[in-house]
Number of protein chains: 2
Amino acid sequence: MTALARHVLAEYYGCDPAILDDPDFLRPIIEEAVRAAGAEVIKTSLHQFKPQGVSGVVILAESHLAVHTWPEHGFAAVEIFTCGTEPEPEAGHRYLLEQLKPAYHTVRALERGDMDTIERINSGQAAAG
Amino acid sequence: MTALARHVLAEYYGCDPAILDDPDFLRPIIEEAVRAAGAEVIKTSLHQFKPQGVSGVVILAESHLAVHTWPEHGFAAVEIFTCGTEPEPEAGHRYLLEQLKPAYHTVRALERGDMDTIERINSGQAAAG
C-alpha cells in the first residue's frame, strides 16, 4: 500500500537504569534522534515519574517521537512516527540505539494511513452525498 | 507473552475535515478519551499546522495518547499506549470513534515490552557481570 506515514516501534532491553531515569540526559538525545531521522522538533515534553521512569514525547513537524522508560527493568519503549517521504524514522531509532545501548532490542515498522483507502472512502462519501 | 504495556493504533477514515482541523474541539475530546481508557492526563500538547492539520499528544501517568489529523484527507491516526493492567486503551479508542465518527476505521493492538525477555536479559547481564 501507499501510506501516509510510517511508524517505527522498538523495545530496548538491558539498558543502563541510571540513564533511563535521567531526563536531562534523555532530552537532548531524543531531540537529536529527531534530527537523525530527518525530521523537525516542534515541542518537547518530558515527565519524570516517582519513584522512577521518564516519559518523553516530541511533537514533530512530521508527527511524533515518544520514549517511555522503566529503569527498574532496564527497559525503554521507543517510537518514531513520521509522515512524508523524506524522514527516515529508522535512522532515529539507530541513533537512539547508539545512545541507549540496549543489550537486546526488537523493532517493528508499520505503515499508517492507506492512501487507497483514503481515496476510496472519500470518493464514496462524495458519491453518496 | 506477559507485556509491560499495550499499544492500540487506529486509522480513522472519512471524518469531518472541519473537526479534524479544530484544536479547541480536539483538546477536550482527547483528554476525555484518556479518562475513558481509565488513565490519567499529566500533560497535553496540541499543535496546529498551516495550512491545516493538528497533532495532539498527551503524556499519561500510564504512557501516552497521540492523535494526528490530515483534514485534507478526512483522516486521523490515533494511538493509545498504556502500561499496567487497569487501563483499557480500547475504551479510549471507542470513545474517540463516537466523537470523530469515521466512515471507516482500522485498529491494531500491540503488546509492548515482553516481561520474559526483560527477566532473561536482566538475569543474563547479572550472570555476565
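The values are calculated or read from the model by the stated rules, or taken from the named source; none is laboratory data. From a predicted model like this one, the values you see are computed outputs, not experimental measurements. Every residue, glycine among them, receives a Cβ derived from its backbone with ideal geometry; neighbour counts consider all protein chains shown. Please note that ligands, DNA and RNA were not included when accessible areas were found on the heavy atoms of the full protein model with its side chains. Shrake-Rupley method; radii C 1.70, N 1.55, O 1.52, S 1.80 Å.
Just give me the residues in the stretch A:64-100 being out of contact with any helix residue (DSSP H, G or I) (no Cβ under 8 Å at 6 or more places or on another chain), outside any helix (DSSP H, G or I) and farther than 24 Å from A:Gly113 by Cβ, in sequence order.
Of everything in the stretch A:64-100, nothing turns out to be out of contact with any helix residue (DSSP H, G or I) (no Cβ under 8 Å at 6 or more places or on another chain), outside any helix (DSSP H, G or I) and farther than 24 Å from A:Gly113 by Cβ.
How about the stretch A:31-41: which of its residues are crowded, with 17+ Cβ neighbours inside 10 Å and away from chain B (no Cβ under 13 Å)?
Listed by number, the residues that qualify are A:Ala33, A:Val34, A:Ala36, A:Ala37.
Look at the stretch B:101-115 and say how many of its residues are surrounded by 23 or more Cβ atoms within 10 Å (Cβ to Cβ) and part of a loop (DSSP other than H, G, I, E, B).
Of the residues in that region, 0 qualify.
Do you know which of the residues in the stretch A:42-63 that are of a type outside the set (A, V, I, L, M) and not in a strand (DSSP E or B) is surrounded by the fewest Cβ atoms within 10 Å (Cβ to Cβ)?
If we take residues in the stretch A:42-63 being of a type outside the set (A, V, I, L, M) and not in a strand (DSSP E or B), then A:Lys50 is surrounded by the fewest Cβ atoms within 10 Å (Cβ to Cβ).
Could you please give the count of residues in the stretch A:1-22 that are assigned to a helix (DSSP H, G or I) and surrounded by 15 or more Cβ atoms within 10 Å (Cβ to Cβ)?
3
For the stretch A:67-83, give me each residue that is surrounded by fewer than 24 Cβ atoms within 10 Å (Cβ to Cβ), at the interface with chain B (Cβ under 8 Å from one of its Cβ atoms) and either more than 16 Å from A:Asp16 (Cα to Cα) or of a type outside the set (Gly, Ala, Ser) (or both).
Across the stretch A:67-83, the qualifying residues are A:Trp70, A:His73, A:Cys83.
Give all pairs with beta carbons closer than 8 Å in which a residue from the stretch B:28-52 that is over 27 Å from B:Thr85 (Cβ atoms) meets a residue that is open to solvent by 40 Å² or more (accessible area, probe 1.4 Å) and of a type in the set (Asp, Glu); count only pairs at least 6 apart in sequence or on separate chains.
These pairs meet every condition: B:Gln48/B:Asp21; B:Gln52/B:Asp21; B:Gln52/B:Glu72.
Which condition number in (1) away from chain B (no Cβ under 11 Å); (2) closer than 19 Å to B:His7 by Cβ; (3) surrounded by fewer than 22 Cβ atoms within 10 Å (Cβ to Cβ); (4) touching a Gly at 6+ places or on another chain (Cβ under 6 Å) is the one that A:Glu86 fails?
Result: A:Glu86 fails condition (2) only.
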